[in-house]
Structure formats: C-alpha cells, structure tokens
Amino acid sequence: MPKSTASTTAKSQTKTIRKGDAARATGRHARKSESAPTQPISQALGNDVGAISADLHRHLSYTLGRDHHSVNDRYRYQATVLATRDRLMERWKATHAAYYAADGKRAYYLSMEFLMGRALGNALINLGIQGEMADSLRQLGLDLEEISEQEPDAGLGNGGLGRLAACFLDSCATLQLPVFGYGIRYDYGMFRQKLVNGAQVEEPDHWLAHGSPWELCRPEYSTRVTFGGRSEMYRDENGSVRFRTVGSTDVLAVPYDVPVPGYRNGTVNTLRLWKATSPDVFNLSEFNAGDYDAAIQSQASAENISRVLYPNDKSENGKELRLRQQYFLSSASLQDIVRRWVSVHGADFSQFAAKNICQLNDTHPTVAVAELMRILMDDHGMGWDEAWGITTKCMAYTNHTLLPEALEKWPVALFRHLVPRILEIIFEINARFMRLVANKWPGDGARQARMSIIEEGRNPQVRMAYLAIVGSCSVNGVAQLHSDLLKAGLFRDFADLWPERFNNKTNGVTQRRWMALCNPKMSTLITEVVGEKWVTDLATIAPLAKKAKDAGFRAEWRKAKRANKVALAEIVKRDCGVNFNPDAMFDVQVKRIHEYKRQLLNALHLVHLYDRIKRGDGKGILPRCALFGGKAAPGYQMAKSIIRFITSVADVINADPDVRGTLQVAYIPDYRVSLMERICPAADLSEQISTAGKEASGTGNMKFMMNGALTIGTLDGANIEIREEVMRYGDGHFFLFGHTEPSINAARPTYRSADVIAKDPDLGRVIDLIRAGHFNQCQPGIFDEILHSLTDWNDYWFTCADFTDYKRAQAEAETAYRDQERWAASSIYNTAASGKFSTDRTMTEYNRDIWKLEPVKAFPV
Ligand code: 26W
C-alpha cells in the first residue's frame, strides 16, 4: 500500500479550484480549445480511513442528498464510487497535463466494443486503497464486497474482442503509455440471458438506468457526424477543387469520458465513449406548428445510433444501423483527434503521422481509413498523395477471426446512401490500388479481381478487411498460428505484396483483474514466494515453479483453490439450483456459444460418462462437476439448440439417483465479466476444445491458466503457446487431443462421420441415446438439427472426428486428478508458466513494433 497523503481541507480545495477557473476565464492559457494546466489544479485527497469516511459521508448526505430513511445500497455504492472517483480525478488531470507537456506520439484504440465489466474493485486495487475503503465502509457498518455487487457490468461487448480491448486499456495505463480508447456509449449493452425451461431468453441490459457515476460528460467536445446527402465539387478561396457534402442529415456525437487507472503509478488514461443525439433539440417550427411527432422524430432517430450493441459475434453484414454505428464511431473519433491536433499545432500537419496512430479493432472501425482521407482533404485542403501518405502511417489493423462468414462486407449501395463522399474516396483508393496490383502482376486479371476492395457482382460489396490492409502500416493476427494462417490463407495475396506489413501479436489478459483482484488467496501465496513484482511484471512469476515440489506449499495452494470452489459452488447453487461438490473436479467451459467452439463435444462426452454409469461401467469414474456458461447470438438457431441440449442433459443427469455423487452438470445463466471473476479462480480443468484452425486466439484459456487450471485442448489459437510454456515443466500439465489444422485439411475430402461413429461404440451409443429422445422425452424433435449436423451433414466441425481422442484425454485428466499431489504441482506449474500471457507483454510488443510511443510519467499530485 502506498503511504497516505495528507488530506486537504475543503477550504483550500475551493480556493485552488477558483484560481484555476479564473485563469481559464481570463484566457491565460496559451492553447485554444483544450487548455491544459501544466500543474494539477487540485491537491491530493487523503487516502487514510478518516479522509475516506468523511468523503463517503459527504457524498451520501450532500452529493446524493440522502438521510438514514432514504439511503439504500445503490446510494451507498454511488457514494463509494464518488469517493473513489475523486481520488482518480486529480491523477486524471495530471496525466493529461503531462501528455500535453510531453507533446509526444499518441495511440488511439478504435473499437466498437469495450467489455469493461465492473470498475470499482479495479480502481481501488490500482489506487492501492482497497483496505482503507473496506475499513471506512466497515465503520459505517457496510461491507465492500456487498457494495461492489451493486455495480452493473459495463457489458459493451460480445466476448473476446471486447474484453481484450478492456485488458489492453488497463495495461497501457499501467505502462504509462498515452493510449486513448474510443468507443460507443450504448444505452443497452450485451443482452441479459435468462434460461426459461432450459432455453435462452434475451432481456435488455439497461445498464445506464440509474446513470453511471464513473462517466464524465464533455459536451464541449461534441462533434457533428454527417450522414446522407450528396457529394458536391466546388472551388475554394484559392481556386482549388474541393469536395463537400450537401443536403446531409447530421448527428451530434457527445463524448462521455471514463477513467482508466494504471496500477499505483499516478496515471489515469481515458476511454471516450460517444453518445448519438440530434444537433437540434427539436425542430421548433414543426413543434410550433403542432407537429410534435415530427419534431421529436429526428431526435429519436439520431439517438438510435448509440442505442444498442449488436449482440452478434459472427456478422451483421447489410444492416444499415450497424454501418451507421461504425461510421459514427470512426468519424467522431477522427474529428476529435484532428481537432486536438489543430488546437496545438494549427494547420501544420507535417508531424501528424509521426505523432498519431489508430489501432483498428477488427474491421469494424475500418471506414476510419476513408474518413481520415476526407478530413485531411475536404476539411483541411490537403492533396490526395499527402493525405494518403499520412493516413496509411496512422492506421494499423488487427484481425480477430478466420471464419470467412465473419469477414465484413458492405453493399456499395448502402455506402452510397449513407456516406456518399466516403464511397467516392473508397473507389479512388481502390482505383489506385488496382493500378499498383496491375503493375506488380501485369496481365493477372484474376488476381486483380481477387484483391479488389470492391467485390463485383449483381450487388457489389466493399470488402472491409481489404480496405483495412491497403490503408494500414501494420496487419496483425492475435496468436502465432492465427497470424500464420492469415498469411497463408485469407490474406495471402496481400502478404505476397507487402510481407513487411504482416505481424503477430499474441493476446493476453491483465493479471491485475484476472489474478490480483479476483483471486486474492492465490495472489497472497504467489506474493509470498516471488514478491509483489508479478503484479506489474508477470514474467517474474516463474520462480513459483520451484514450489511445486514443496508439499507444504502444495497444501496451501490446494486450500486456496478449494476455498474458491466453495465460493463458486454457492453461486452455482443460487443461480442454477445445482449442488456442486467442492471435492469433485470442476470442469469448466465458459465462452460464447459457437459450433466451432464445440460445446457439443464436451456435452457428448458427459452423455458418454452418464451412459457408462447407467450401463454399470461407472465404477472408476472420477466425481466431476461440469459447468457451462455463455450466450448465443439471438439469431443463431444452432447455438440456441446447443444450449437447450446442454440444459436438457444437465436436467436428466442431475435428477438421476444412479449418478448422484459422480456427475453434476450446470449451465450458469448470463455469463459475463463479473461472473468470470468468480469462475476462473475455482476451475480445475479448462475446456479449450475448438476445431483446430478456427479459434483465433482465445483469452479465457489464459485466465484459467493463470489461476492454476489445467487445460484440455486442441492445437488451436493461443492453446499452442500455452502448452509450449507449461511444457517447460514436462508433459502431463496440459491434456492435448484432436486433429490439427493441417490434419483436418488433409482428412476433410474423404472424411465420413458415419465411419467414425461406427468405429467407436461409445460414440454410437451416445448418438443412439440422443436419437431415442432420452433427453427430450416431452419435446420430440428438438435435437434433430444437432443430430443431423453430426451425421447427415457430415460433421463439419469435426466433433465426431475428435470424440475418441477427447475421451482419451479426459481419461488422462481423471487419472491425473486422482493424484491430488500431482495435480496441485501441475496447477502451480501452469500459474508459474503464465508469464507470457499478460497484456503488459502484448502492449509492450504493439508499442515496440507498431505504435512506438514514449511512456509518459504523470505529474505528481
Ligand atoms: C457483428 C460482427 C462481429 C464479427 C466478429 C462482431 C465481433 C466479431 C469478433 C471477431 C468476435 C471475437 O470476439 N473474436 C475473438 O477475438 C478474441 C480476441 O482477439 C480472440 O481471442 C478469439 O479467438 C476470437 O474469436
């Protein structure tokens, strides 16, 4: 814990604030639009229990206006956040003052998704005042953990890609890198999942219903985003040809800033989320004419842009509102970046590319390439070549998926209708690019057609990934295998053309949230062995490995894991009504539901274990609690059937007295960040069983590894690297099975799932049980699609093909778990080998190879 700083009196606070205001009012600050003090205006608030308690009291009584009749847990939570936010505020201002003073390069992470989860626990741990806040609350008779439970998750993301963005921001703040997040402030985040009779039901996530005490609205930086109209040529005052859009319907982007604290280093970075609204509150003439509906309609339709996160992690191609969201984010963010530049450097763009870079989180914000061209040319009078030179240095693109159906394409007609000027620019980018391709490969028309940003046809489309590659200085995948496959497959032509542009950046997760915060018991043990450094330098965790041989330490380690399992068992009981035995193996698969992730393979194996028990062959089976969790995209029927199947299997198994004590299965509803914080510390076995070559990286796999789970997995995504790291300590710490990416390609042409089913009688029995309706006695037919996919449709995802080997690997895991001493050692080895999978390492690599930013120390407060 850092030493507490003395608390300042309210009087001196008021005085300093007045001084700052006066300085701004008299215009003594040199900069035009974003005046930044070189010294913080306020002084440090005290971090001792007395000062924090006083602030809690002040916020409850004055800021929130509560008394003991009207106070409840929500207000207590809000007061706790306000007292915490106050302590971030000074550091936040000091960080930005330092960035202005340094005037160095900045990076912007443009993402349609930021899956931040809860912020309170993280802020307290990073400020180093968790203990003081808990004590202060205790003095008021309150419990910090209970108060923290009041915070709704900020669920502004679908899954891996959105959570990765959140981990990146955390690491950048800790590394003191000037990185800004830009996203959308959706009114409704990821839907809440209910299970009704075992089926998914979606409910809206109105996470802002009671406001968010973390955000700070900055209306003074609102930005106009132009939609529709038509592009028009004109001559400017110098007689140069310029373009402008006329007859447009504009939308106002209003920024809301969220603080992103670094770990005990004084840095607080910013995530800027845009809300859409109408530029005119309502049309007064319409209002006066009594046409109230028309008057508010433009307001409502503008605000729809930031209404709701698309809950799809495959594709939303063709949906007009989705493209509107993408352009809204890209345009507002780039205008903001350029405005800030001009406020400091005026019309001189000579250093712009050297000092600004945007990382595009998948193709979702790729229209930013054309938008920056538009801003530089149309708004700032730059010529094409100069603007293109800048743009391509300012953009870098990360790909997150190999599934072809997830590659974004937008109809040219939709672009023309929504953003006509942007389409013109894309056409010109493509025309010039096609000349380059023709020069490099003369006469190769097929290649030109393959590489064109515009896919020709009856309904021509813009290929967003190609626009991203052509418009960027860097293209990266998110794990080594994924990056290799991109170069050899999807982007092969482009890798031929620009090999130097392609690189790999293996994902990570932040160990602050995913160990220090969510697993205090193991964290304490780790710190006792390797010291505190692992919290900011995870490579230093390696010496933990030597403790695998220490029986006393193993006992402590197992005790911590068991306590975490007891805590999770309570949650499973509460949310699923299923009793988990903490001494059984906790076998966990939580992630979005997708055929390629193969939750079905796991479920088929559980049916097989059940079948063994029922046929009297269950003696040797290890007691196991299987936990599933995850959301299905609302329109993805097969994914929904898979949920229904797992819940039905769970019901049958849990109700069968023959199975009791050996097998329990639960599907926990509404899987989300805050739930994963309870799940990953308690897992024994981590299921990472995707069809090889389909999971770009995975990041849940890393959270489980850090928390001492052993992985059962395929050679896919980052599993390969996870296995490589833990193999340092021998084999047996990772249960490998299944086809590899090349072996699937080789086998696919002659593969017949019927042959595989015929060859493994265990699998045959499982299929027969399902076909007989054993798990859907009252609803015949509901699993037909699943059966078809495995049999008649020849098992595209190789579920049957990998079943037998999966069964073998599961048996190995059982044997290993029976030897609790051996298992504990493996668990320790996994944690010790997880050093590579910190986003601190990932961000250091992005910075070294792509961004090239100098760290900036925040001014002391
Ligand atoms: C609505 C369109 C859409 C399409 C794709 C939305 C979101 C996506 C993402 C690509 C889905 C996603 O989250 N991908 C995951 O990204 C993680 C972070 O890099 C990887 O670890 C996962 O393997 C990858 O599936």
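Being surrounded by fewer than 24 Cβ atoms within 10 Å (Cβ to Cβ), more than 16 Å from the ligand (Cβ to nearest atom) and not in a loop (DSSP other than H, G, I, E, B) is true for just one of Asp611, Asp587. Which residue is that?
Details: Asp587 fails: surrounded by fewer than 24 Cβ atoms within 10 Å (Cβ to Cβ).
Exactly one residue qualifies, and that residue is Asp611.
Do you know which of the residues in the range 185-202 that are touching a strand residue (DSSP E or B) at 6+ places or on another chain (Cβ under 6 Å) and either of a type outside the set (D, E, K, R) or at pLDDT below 95 (or both) is nearest to the ligand (Cβ to nearest atom)? Steps first, please.
In the first step, residues of the range 185-202 are kept if they are touching a strand residue (DSSP E or B) at 6+ places or on another chain (Cβ under 6 Å); the result is 185-186, 188-194, 200-201.
From what's left, either of a type outside the set (D, E, K, R) or at pLDDT below 95 (or both): 186, 188-191, 193, 200-201.
On the way: Tyr186: 13, Tyr188: 15, Gly189: 14, Met190: 12, Phe191: 14, Gln193: 17, Gln200: 18, Val201: 21 Å.
Applying the filter and picking the extreme gives Met190.
Identify all residues within the range 673-703 that are near the ligand (Cβ under 10 Å from one of its atoms) and of a type in the set (Lys, Arg); write none if there are none.
Residue satisfying the conditions is Lys694 alone.
How many residues, within the range 110-145, are in contact (Cβ under 8 Å) with a residue 40 or more places away in the chain and part of a loop (DSSP other than H, G, I, E, B)?
Of the residues in the range 110-145, 9 are in contact (Cβ under 8 Å) with a residue 40 or more places away in the chain and part of a loop (DSSP other than H, G, I, E, B).
Got a number for residues in the range 108-130 being more than 16 Å from the ligand (Cβ to nearest atom) and either in contact with a Leu (Cβ under 9 Å, 6 or more places away or on another chain) or under 15 Å from Val260 (Cβ atoms) (or both)? Even if it seems obvious, please write down each step before you answer.
Here is the first cut: in the range 108-130, the residues more than 16 Å from the ligand (Cβ to nearest atom) are 108, 118-130.
Narrowing further to those that are either in contact with a Leu (Cβ under 9 Å, 6 or more places away or on another chain) or under 15 Å from Val260 (Cβ atoms) (or both): 108, 118-127, 130.
Here the count works out to 12.
Looking at Leu525, Leu544, Leu490, Leu485, which is the one that is hydrophobic (A, V, I, L, M, F, W, C), assigned to a helix (DSSP H, G or I) and closer than 30 Å to Met638 by Cα? Walk me through how you get there before you give the answer.
Values: Leu525 fails: closer than 30 Å to Met638 by Cα; Leu544 fails: closer than 30 Å to Met638 by Cα; Leu490 fails: assigned to a helix (DSSP H, G or I).
So the residue among Leu525, Leu544, Leu490, Leu485 that is hydrophobic (A, V, I, L, M, F, W, C), assigned to a helix (DSSP H, G or I) and closer than 30 Å to Met638 by Cα is Leu485.
Quick one: which residue in Ser333, Ser350 is touching a Pro at 6+ places or on another chain (Cβ under 8 Å) and within 25 Å of Ala101 (Cα to Cα)? Reasoning before the result, please.
Working: Ser350 fails: touching a Pro at 6+ places or on another chain (Cβ under 8 Å).
Only one candidate qualifies: Ser333.
Only one of Asp153, Asp135 is surrounded by fewer than 24 Cβ atoms within 10 Å (Cβ to Cβ), over 18 Å from the mean Cα position of the chain (by Cα) and either of a type in the set (D, E, K, R) or within 16 Å of the ligand (Cβ to nearest atom) (or both); which? So that I can check it myself, show each step before the final result.
Values: Asp153 fails: over 18 Å from the mean Cα position of the chain (by Cα).
Asp135 is the lone residue from the list that is surrounded by fewer than 24 Cβ atoms within 10 Å (Cβ to Cβ), over 18 Å from the mean Cα position of the chain (by Cα) and either of a type in the set (D, E, K, R) or within 16 Å of the ligand (Cβ to nearest atom) (or both).
Please tell me if Arg163 is more than 16 Å from the ligand (Cβ to nearest atom) and either among the charged types (D, E, K, R) or within 15 Å of the chain's Cα centre (by Cα) (or both).
On the way: more than 16 Å from the ligand (Cβ to nearest atom): no; either among the charged types (D, E, K, R) or within 15 Å of the chain's Cα centre (by Cα) (or both): yes.
In short, no.
Tell me which residues, restricted to the range 809-833, are out of contact with any Gly (no Cβ under 9 Å at 6 or more places or on another chain) and in contact (Cβ under 8 Å) with a residue 40 or more places away in the chain.
Those that are out of contact with any Gly (no Cβ under 9 Å at 6 or more places or on another chain) and in contact (Cβ under 8 Å) with a residue 40 or more places away in the chain: Gln810, Ala813, Tyr817, Arg818, Gln820, Glu821, Trp823, Ala825, Ala832, Ala833.
Filter the range 447-464 down to the residues that are basic (Lys, Arg) and away from the ligand (no atom under 16 Å from the Cβ), then identify the one that is surrounded by the most Cβ atoms within 10 Å (Cβ to Cβ).
Arg447
Given the residues Glu845, Glu814, Glu821, Glu854, which is the only one that is acidic (Asp, Glu) and part of a loop (DSSP other than H, G, I, E, B)?
Details: Glu845 fails: part of a loop (DSSP other than H, G, I, E, B); Glu814 fails: part of a loop (DSSP other than H, G, I, E, B); Glu821 fails: part of a loop (DSSP other than H, G, I, E, B).
Step by step, each of Glu845, Glu814, Glu821, Glu854 is checked, and only Glu854 is acidic (Asp, Glu) and part of a loop (DSSP other than H, G, I, E, B).
Which of the following residues is in a helix (DSSP H, G or I) and without any contact (Cβ under 8 Å) to a residue 40 or more places away in the chain: Leu372, Leu323, Leu334, Leu329? Walk me through it before giving the result.
Numbers: Leu323 fails: without any contact (Cβ under 8 Å) to a residue 40 or more places away in the chain; Leu334 fails: without any contact (Cβ under 8 Å) to a residue 40 or more places away in the chain; Leu329 fails: without any contact (Cβ under 8 Å) to a residue 40 or more places away in the chain.
Going through Leu372, Leu323, Leu334, Leu329 in turn, just one is in a helix (DSSP H, G or I) and without any contact (Cβ under 8 Å) to a residue 40 or more places away in the chain: Leu372.
Which of the residues that make up the range 821-841 are among the charged types (D, E, K, R) and over 13 Å from Ala555 (Cα atoms)? Reasoning before the result, please.
Pass one, the range 821-841, residues among the charged types (D, E, K, R): 821-822, 836, 840-841.
Passing the criteria: Lys836, Asp840, Arg841.
Go through Pro311, Pro365, Pro279 for me and flag whichever is surrounded by fewer than 18 Cβ atoms within 10 Å (Cβ to Cβ) and outside any helix (DSSP H, G or I). Lay out the reasoning, then the answer.
Values: Pro311 fails: surrounded by fewer than 18 Cβ atoms within 10 Å (Cβ to Cβ); Pro365 fails: surrounded by fewer than 18 Cβ atoms within 10 Å (Cβ to Cβ).
Pro279 is the lone residue from the list that is surrounded by fewer than 18 Cβ atoms within 10 Å (Cβ to Cβ) and outside any helix (DSSP H, G or I).
Of Thr662, Thr647, Thr714, which residue is out of contact with any Cys (no Cβ under 9 Å at 6 or more places or on another chain), within 16 Å of the ligand (Cβ to nearest atom) and not aliphatic (A, V, I, L, M)? Show your work before the answer.
On the way: Thr662 fails: within 16 Å of the ligand (Cβ to nearest atom); Thr647 fails: within 16 Å of the ligand (Cβ to nearest atom).
Checking each option against the conditions leaves just Thr714.
Which one of these is surrounded by fewer than 18 Cβ atoms within 10 Å (Cβ to Cβ), outside any helix (DSSP H, G or I) and away from the ligand (no atom under 16 Å from the Cβ): Ser350, Ser343?
Working: Ser343 fails: outside any helix (DSSP H, G or I).
Of Ser350, Ser343, the one residue that is surrounded by fewer than 18 Cβ atoms within 10 Å (Cβ to Cβ), outside any helix (DSSP H, G or I) and away from the ligand (no atom under 16 Å from the Cβ) is Ser350.
Taking the range 391-446 as the search range and keeping residues that are part of a helix (DSSP H, G or I) and small (Gly, Ala, Ser), which one is nearest to the ligand (Cβ to nearest atom)?
Keep residues of the range 391-446 that are part of a helix (DSSP H, G or I), which gives 391-394, 404-406, 412-418, 420-440, 445-446.
Filter once more, so that each one left must be small (Gly, Ala, Ser): 406, 413, 431, 438, 445-446.
Working: Ala406: 5, Ala413: 20, Ala431: 28, Ala438: 32, Gly445: 31, Ala446: 28 Å.
Going through the qualifying residues, I end up with Ala406.
On the given criteria, is Leu481 more than 15 Å from the ligand (Cβ to nearest atom), of a type outside the set (Gly, Ala, Ser) and crowded, with 19+ Cβ neighbours inside 10 Å? Give the steps one after another, and end with the answer.
Details: more than 15 Å from the ligand (Cβ to nearest atom): no; of a type outside the set (Gly, Ala, Ser): yes; crowded, with 19+ Cβ neighbours inside 10 Å: yes.
No: the conditions fail for Leu481.
In the range 113-132, how many residues are more than 28 Å from the chain's Cα centre (by Cα) and among the small types (Gly, Ala, Ser)? Steps first, answer last, please.
In the first step, residues of the range 113-132 are kept if they are more than 28 Å from the chain's Cα centre (by Cα); the result is 131-132.
Subset that is among the small types (Gly, Ala, Ser): 131.
Total satisfying the criteria: 1.
If I ask for residues that are within 15 Å of the ligand (Cβ to nearest atom) and either more than 22 Å from the chain's Cα centre (by Cα) or surrounded by fewer than 24 Cβ atoms within 10 Å (Cβ to Cβ) (or both), which ones from the range 465-474 would you list? Walk me through it before giving the result.
Applying the first criterion (within 15 Å of the ligand (Cβ to nearest atom)) to the range 465-474 yields 465, 468.
Across the range 465-474, the qualifying residue is only Ala465.
The values are calculated or read from the model by the stated rules, or taken from the named source; none is laboratory data. The structure displayed is predicted, hence computed values, not measured ones. A quick note on method: Cβ atoms are made from the backbone with ideal geometry, for glycine too, and the neighbour counts reach across all protein chains shown.
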